[in-house]
Amino acid sequence: MISRKIQGLLQLFRPELPLAAGICVVIGQILASGTFPSWKVGTLGFLCTFCISSSALIFNDYFDYEVDKINAPNRPLPSGKVKPKDVILLGSIVSIIGLACSLAINFHAFLFAIFLWLVGFLYNWRYEQAGIFGNLMVSTSVGGTFLFGAITTNAALTGVVWTFSLMAFFFDLGEEIAGDAMDMEGDRKRGSRSLALTLGRNPALRMTIFFWLVFILLSILPFLFGWLEIKFLIIFLLIDAIVIIFSVKLIQSTDANGGHKAMRGAFLGACVCLVALIIVQILA
């Protein structure tokens, strides 16, 4: 019974998403300062965003309990691995750790971390069913990770930092809209006003492709304005190719399972390329 509960608590984290958020913060730190941050700032920045992102996912399971009975019955809460009080306690502990890490960096980082936490909590509590407005809240949080990285280094929010932030914003916005298109059954039950339910599945997926196209166009700017060295171009070309490939797979998907696989492929591919960007910077 104990091992089953521990397994359920660990599943609440969905680690690939918090890890991606932490990676974005580190890249934001590098872009803003032009070099790697100190181990203290880098580690605290990563841990803060990992915990803030994890807390949003954990509380999402609590507020989505009824919907997950339909869309994701194998999730820890609907499957009975954990109880609601366990989810609340874990989410609270992780939130405190994340905010404490930000406070240990600087006060501005602490304020921005509170903003990110509030956006995530309000989305889960009130605005997840608000359609495009809820999608925009999540995308703002994702794009904010690069800005948070710059803030932790006390550096200016330069053009390249804003560009990466906008790229993350539009990529996630497309992903959020596509996710709603894959989860229409459960969303209909809770009265969601998602674009997929108001406009239809195919128009919603076309909007996803449009926002991913904006992402690709934005990826040109760092080289057009000379913000990044040409050695990083191959990484960006690879990211764009991955997004295009999985955009096609997403449009061609005929069921929720195929759509989710395409979304996950685009997400994981982009994350691998971001890690490659850090590695290239290390080896430079």
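The values are calculated or read from the model by the stated rules, or taken from the named source; none is laboratory data. Note that the structure is predicted; figures quoted are calculated from it, not measured. Because the Cβ atoms are built from the backbone with ideal geometry, glycine has one as well, and the counts that use them run over all protein chains shown. To get the accessible areas, we keep the full protein, side chains included, count just its heavy atoms, and leave off ligands, DNA and RNA. Shrake-Rupley method; radii C 1.70, N 1.55, O 1.52, S 1.80 Å.
Structure remark: mean-square fluctuation, Gaussian network model of the chain, C-alpha springs under 10 Å; the largest value among Phe107, Phe211, Phe170 belongs to Phe107.
Calculated FRET efficiency, Phe36 to Arg188, Cβ-Cβ distance, R0 = 35 Å: about 0.15 to the nearest 0.05.
Between Leu103, Leu199, Leu90, the residue with the greatest mean-square fluctuation in the GNM of the chain (Cα pairs under 10 Å linked by springs) is Leu199.
Basic side chains Lys and Arg get +1 at the Cβ, acidic Asp and Glu get -1 at the Cβ, and with that the dipole of the range 60-179 about its Cα centre reaches some 280 debye.
Summarising the amide proton neighbourhood of Ser194: residues at separation of 5 or more, or on other chains, whose placed amide H is nearer than 5 Å comprise Gly131. FRET efficiency for the Ile279 to Leu10 pair, using the beta carbon distance and R₀ = 25 Å, is estimated at 0.35. Note on the chain: GNM, Cα springs under 10 Å; of Ile70, Ile216, Ile105, the largest mean-square fluctuation is that of Ile70. Could you tell me which of Gly259, Leu277, Ile245 has its Cα farthest along the dipole of the chain towards the positive end, charges placed at Cβ (Lys, Arg +1; Asp, Glu -1), taken about the Cα centre? Value computed over the given set: Gly259. Between the beta carbons of Glu229 and Leu103, assuming R0 = 30 Å, the FRET efficiency works out to 0.30 to the nearest 0.05. In a reduced charge model with +1 at each Lys and Arg Cβ and -1 at each Asp and Glu Cβ, the range 180-284 shows a dipole moment near 260 debye about its Cα centre. When the surface is traced with a 1.4 Å probe over the full set of protein chains, Arg190 keeps roughly 70 Å² accessible.
Taking only the alpha carbons of the range 140-188, we obtain Rg and Dmax values of 14.4, 45 Å in that order. Taken along its three principal axes, the alpha carbon spread of the range 4-112 comes to 47, 22, 21 Å, from the longest extent down to the shortest. Computed from the C-alpha gyration tensor, the three semi-axes of the ellipsoid equivalent to the chain are 29, 25, 16 Å, from longest to shortest.
If Leu233, Leu147 are ordered by their accessible area, calculated over protein heavy atoms with a 1.4 Å probe, which sequence runs from highest to lowest?
Largest to smallest exposure gives the sequence Leu233, Leu147.
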